[in-house]
1. For segment 145-171, name all the residues that are within 15 Å of the ligand (Cβ to nearest atom) and in contact with a Phe, Trp or Tyr (Cβ under 9 Å, 6 or more places away or on another chain).
2. Quick test of your reading of the structure: Glu135 fulfils all but one of (1) more than 14 Å from the ligand (Cβ to nearest atom); (2) surrounded by fewer than 21 Cβ atoms within 10 Å (Cβ to Cβ). Name the failing condition by number.
3. Out of the residues in segment 249-269 meeting the condition of being more than 17 Å from the chain's Cα centre (by Cα) and not in a helix (DSSP H, G or I), tell me which one is modelled with the highest pLDDT.
4. Being of a type in the set (Lys, Arg), touching a Gly at 6+ places or on another chain (Cβ under 6 Å) and either assigned to a strand (DSSP E or B) or more than 24 Å from Met1 (Cα to Cα) (or both) is true for just one of Arg246, Arg217, Arg221, Arg211. Which residue is that?
5. Could you check how many residues of segment 214-241 are within 15 Å of the ligand (Cβ to nearest atom) and more than 13 Å from Leu189 (Cβ to Cβ)?
6. Just checking, how many residues over segment 160-194 are part of a helix (DSSP H, G or I), surrounded by 21 or more Cβ atoms within 10 Å (Cβ to Cβ) and within 16 Å of the chain's Cα centre (by Cα)?
7. Can you tell me which condition Val104 does not meet? The list is (1) farther than 19 Å from Arg246 by Cα; (2) aliphatic (A, V, I, L, M); (3) within 16 Å of the ligand (Cβ to nearest atom), and all the others hold.
Amino acid sequence: MPPFEIMGVVNVTPDSFSDGGTFDDDAAAVRHARRLVQEGAAIVDVGGESTRPGAAPVPVAEEMRRVVPVVEGIAALGLPARISVDTMKLEVARAAVDAGAAYVNDVTAFRNDPRLAGLVAERGLECCLMHMLGEPRTMQQDPRYDDVVSDVKAFLEERLAAAVAAGIPEERVQLDPGIGFGKTLEHNLELLRRLGEIAAIGRPVVLGTSRKSFLGRITGRDVAGRVHGTVATCVLGYERGARVFRVHDVAAVHDGLSVAAATLPPDGP
Ligand code: HH2
């Protein structure tokens, strides 16, 4: 694996927190994916259901209508990048994989539908298993942990074991602490401070800080002004062992991580 990989976000939703409604035309979303790959994304993550705090669930047929044509369009370009589908639903994932996706990013880590693990196993896909406390509708209502890092780590170890038990080779699994998913500002900061403990599980850690509200709490910036804060978290996260960075601003993060990688010993941090 290269020193780091960037997963560029392609949201095809009317209501995503930072770019909702921007790419609700399929052709625009496909063009955006091409641009993200040109800027350095190794993975493009196509999502048709917002998971922002308070978001309402999207019916399967509507999520498929949003996601599948965009995955097809990206696959037709033959870009040097893997296509990921950001979904918790089996039917959406299956249709996206048939259309060319090779990676399943499930923010419920196969808890919403355990059959998703079977699809990943059968089709030889990669997956990202993410920690979330509760569900998007309610997750920011007073989240509590004994110790956020130990709790998230134990959860990810348990979900990794479940994925392996379902027949997914460990090498195909990446793990994500789920920044902002049922976490206060202090929980997010503690996870970033002690990210090395999550990396110690031994699987690549995916970090999703891009433009999130905790950056706004620190910098006072609105969503569009959080690029520099995003780069800072990615560089620090890289030094603490994260390897995959799910971001909207691929060019800026690619520059930051390239500089960070050049300053580290060749065998990594
Ligand atoms: N964050 C979001 C969505 N999916 N997947 C992973 N693995 N990690 C994350 O941190 C993550 C994720 C939320 O960001 P975004 O897609 O920009 O917003 P929305 O959920 O409103 O579409």
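The values are calculated or read from the model by the stated rules, or taken from the named source; none is laboratory data. Keep in mind that this is a model prediction, so the values were computed, not measured. Quick reminder, even Gly has a Cβ in these numbers, built from the backbone with ideal geometry, and neighbours come from all protein chains shown.
1. Within segment 145-171, Val152, Arg159, Ala163 meet the criteria.
2. Result: Glu135 passes all but (1).
3. Going through the qualifying residues, I end up with Leu264.
4. Values: Arg217 fails: touching a Gly at 6+ places or on another chain (Cβ under 6 Å); Arg221 fails: touching a Gly at 6+ places or on another chain (Cβ under 6 Å); Arg211 fails: touching a Gly at 6+ places or on another chain (Cβ under 6 Å).
Result: Arg246 is the single residue among Arg246, Arg217, Arg221, Arg211 that is of a type in the set (Lys, Arg), touching a Gly at 6+ places or on another chain (Cβ under 6 Å) and either assigned to a strand (DSSP E or B) or more than 24 Å from Met1 (Cα to Cα) (or both).
5. Looking only at that region, the number is 8.
6. Applying the first criterion (part of a helix (DSSP H, G or I)) to segment 160-194 yields 160-165, 170-172, 185-193.
Still in the running and surrounded by 21 or more Cβ atoms within 10 Å (Cβ to Cβ): 163, 187-188, 191.
Subset that is within 16 Å of the chain's Cα centre (by Cα): 188, 191.
Residues meeting the conditions: 2.
7. The one condition Val104 does not meet is (1).
Let's see how each residue does on (1) assigned to a loop (DSSP other than H, G, I, E, B); (2) without any contact (Cβ under 8 Å) to a residue 24 or more places away in the chain; (3) within 11 Å of the ligand (Cβ to nearest atom):
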| residue | (1), (2), (3) |
| --- | --- |
| Ile6 | no, no, no |
| Ser18 | yes, no, yes |
| Ala28 | no, yes, no |
| Leu36 | no, no, no |
| Gly40 | yes, no, no |
| Glu49 | yes, no, yes |
| Ala61 | no, yes, no |
| Val67 | no, no, no |
| Ile74 | no, no, no |
